[in-house]
Amino acid sequence: MLIKPETNEYPPYYKEYVNNVPDGDLLQVLDGQLNETMNLLKNLSEEKAELRYAPKKWTIKEVVGHITDTERIMGYRLLSVGRGEKAMLPGYQDDEYVKRAKFNRFTLSELLHHQSLVRQNTILLLQSMDEEALLQRGNANGAEVTARAIAYIIAGHEIHHRRLIVDRYLSSDDGRVFY
């Protein structure tokens with residue numbers, strides 16, 4: 001069972017993501033949160049999925065695409081660090097990725113399918129890693145991080161964005177959630 005990383009296993013700016021992850025088996029958390037995100041968004045209309053809660057903010061489709069792209073990048077980091085890579089892994093500019101991906105040209109269903117496949121891959125990768133691999137340290141985006149911390153960052157990142165979707169896109173002023 002994967003346990004939460006120590007604070008010295010990741011840069012401070014990931015603390016919120018790691019703290020977002022509930023206690024318990026991380027593999028079950030990852031699998032469960034995929035179902036939660038799918039259930040939250042699967043019946044959303046295409047029109048609602050292209051809503052921006054403010055000018056220059058991402059649409060729900062862009063948020064889903066961003067979650068998926070980030071998990072792809074973090075999955076590569078997880079693989080690299082877990083396998084002992086010593087080279088510095090590059091950062092990325094999420095706004096540029098979203099802009100160039102043009103996620104709004106896809107249906108929400110297609111984007112959720114991509115997210116599901118990427119998540120399944122992440123889970124399979126984690127299942128293949130032993131404790132030694134998970135505790136490996138590497139360098140990503142100029143900061144030292146363990147493979148275990150990357151796994152928690154993946155989970156916490158999705159939780160962060162799902163909360164934003166509920167709070168900023170799907171909730172009314174009186175706190176009711178509309179789907």
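Filtering the range 99-112 down to residues that are touching a residue at least 24 places away in the same chain (Cβ under 8 Å) and surrounded by fewer than 19 Cβ atoms within 10 Å (Cβ to Cβ), which residue is nearest to Thr146 (Cα to Cα)? Quick ask: steps written out before the conclusion?
Within the range 99-112, the subset touching a residue at least 24 places away in the same chain (Cβ under 8 Å) is 101, 103-104, 106-109, 111-112.
Then drop every residue that is not surrounded by fewer than 19 Cβ atoms within 10 Å (Cβ to Cβ), which leaves 101, 104, 106-107, 109.
Details: Ala101: 29, Asn104: 34, Phe106: 34, Thr107: 35, Ser109: 33 Å.
Only one residue tops the list, namely Ala101.
Ala87 versus (1) assigned to a helix (DSSP H, G or I); (2) in contact with a helix residue (DSSP H, G or I) (Cβ under 9 Å, 6 or more places away or on another chain); (3) surrounded by fewer than 19 Cβ atoms within 10 Å (Cβ to Cβ): which is the lone unmet condition?
Condition (1) is where Ala87 drops out.
Filter the range 1-50 down to the residues that are surrounded by 15 or more Cβ atoms within 10 Å (Cβ to Cβ), in a loop (DSSP other than H, G, I, E, B) and of a type in the set (A, V, I, L, M) and list them by number.
Answer for the range 1-50, where residues must be surrounded by 15 or more Cβ atoms within 10 Å (Cβ to Cβ), in a loop (DSSP other than H, G, I, E, B) and of a type in the set (A, V, I, L, M): Leu2, Val21, Leu44.
Please find, within the range 1-25, the residue that is farthest from Ala140 (Cα to Cα) out of those that are of a type in the set (A, V, I, L, M) and at pLDDT 95 or above.
Here is the first cut: in the range 1-25, the residues of a type in the set (A, V, I, L, M) are 1-3, 18, 21.
From the residues that got through so far, the ones that are at pLDDT 95 or above too are 18, 21.
Working: Val18: 16, Val21: 21 Å.
Filtering first and then ranking leaves Val21.
Can you find even one residue in the range 65-72 that is within 14 Å of Glu158 (Cβ to Cβ), among the basic types (Lys, Arg) and touching a residue at least 24 places away in the same chain (Cβ under 8 Å)? If you could, list the steps in order and put the result at the bottom.
First pass over the range 65-72, keeping only residues within 14 Å of Glu158 (Cβ to Cβ): 65-72.
Now narrow it down to the ones that are among the basic types (Lys, Arg): 72.
From what is left, the residues that are touching a residue at least 24 places away in the same chain (Cβ under 8 Å) are 72.
Checked against the condition, which is being within 14 Å of Glu158 (Cβ to Cβ), among the basic types (Lys, Arg) and touching a residue at least 24 places away in the same chain (Cβ under 8 Å), the range 65-72 yields at least one hit.
Okay, residues lined up against (1) assigned to a helix (DSSP H, G or I); (2) aromatic (Phe, Trp, Tyr):
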{"position": "Arg52", "(1), (2)": "no, no"}
{"position": "Trp58", "(1), (2)": "no, yes"}
{"position": "Glu62", "(1), (2)": "yes, no"}
{"position": "Asp69", "(1), (2)": "yes, no"}
{"position": "Arg72", "(1), (2)": "yes, no"}
{"position": "Gly75", "(1), (2)": "yes, no"}
{"position": "Leu78", "(1), (2)": "yes, no"}
{"position": "Val81", "(1), (2)": "yes, no"}
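Here is a list of conditions, (1) in contact with a strand residue (DSSP E or B) (Cβ under 7 Å, 6 or more places away or on another chain); (2) over 13 Å from Ile73 (Cα atoms), and Asn104 meets all of them except one; can you say which number that is?
(1)
From the set of residues in the range 143-171 that are hydroxyl-bearing (Ser, Thr, Tyr) and surrounded by fewer than 24 Cβ atoms within 10 Å (Cβ to Cβ), which is farthest from Glu85 (Cα to Cα)?
Of all residues in the range 143-171, those hydroxyl-bearing (Ser, Thr, Tyr) come to 146, 152, 169, 171.
Still in the list and also surrounded by fewer than 24 Cβ atoms within 10 Å (Cβ to Cβ): 146, 169, 171.
Working: Thr146: 11, Tyr169: 39, Ser171: 43 Å.
Among those residues, the one meeting the criterion is Ser171.
Surrounded by fewer than 19 Cβ atoms within 10 Å (Cβ to Cβ) and in contact (Cβ under 8 Å) with a residue 40 or more places away in the chain: is that true of Lys61 in this structure?
On the way: surrounded by fewer than 19 Cβ atoms within 10 Å (Cβ to Cβ): no; in contact (Cβ under 8 Å) with a residue 40 or more places away in the chain: yes.
So Lys61 does not fit the description; no.
Which of the residues belonging to the range 121-141 are in contact (Cβ under 8 Å) with a residue 24 or more places away in the chain, farther than 19 Å from Pro22 by Cβ and either out of contact with any Gly (no Cβ under 7 Å at 6 or more places or on another chain) or of a type in the set (Lys, Arg) (or both)? Don't jump to the end; show me each part of the working.
If we filter the range 121-141 for residues that are in contact (Cβ under 8 Å) with a residue 24 or more places away in the chain, which is where we start, we get 121-123, 125-127, 129, 133-134, 136-141.
Next, from what is left, pick out any that are farther than 19 Å from Pro22 by Cβ: 121, 125, 127, 129, 133, 136-141.
Listed by number, the residues that qualify are Gln127, Arg137, Gly138, Asn139, Ala140.
The values are calculated or read from the model by the stated rules, or taken from the named source; none is laboratory data. Note that this is a predicted model, so its numbers are computed, not measured. As a convention, Cβ positions derive from the backbone with ideal geometry for all residues, glycine included, and neighbour counts pool all protein chains shown.
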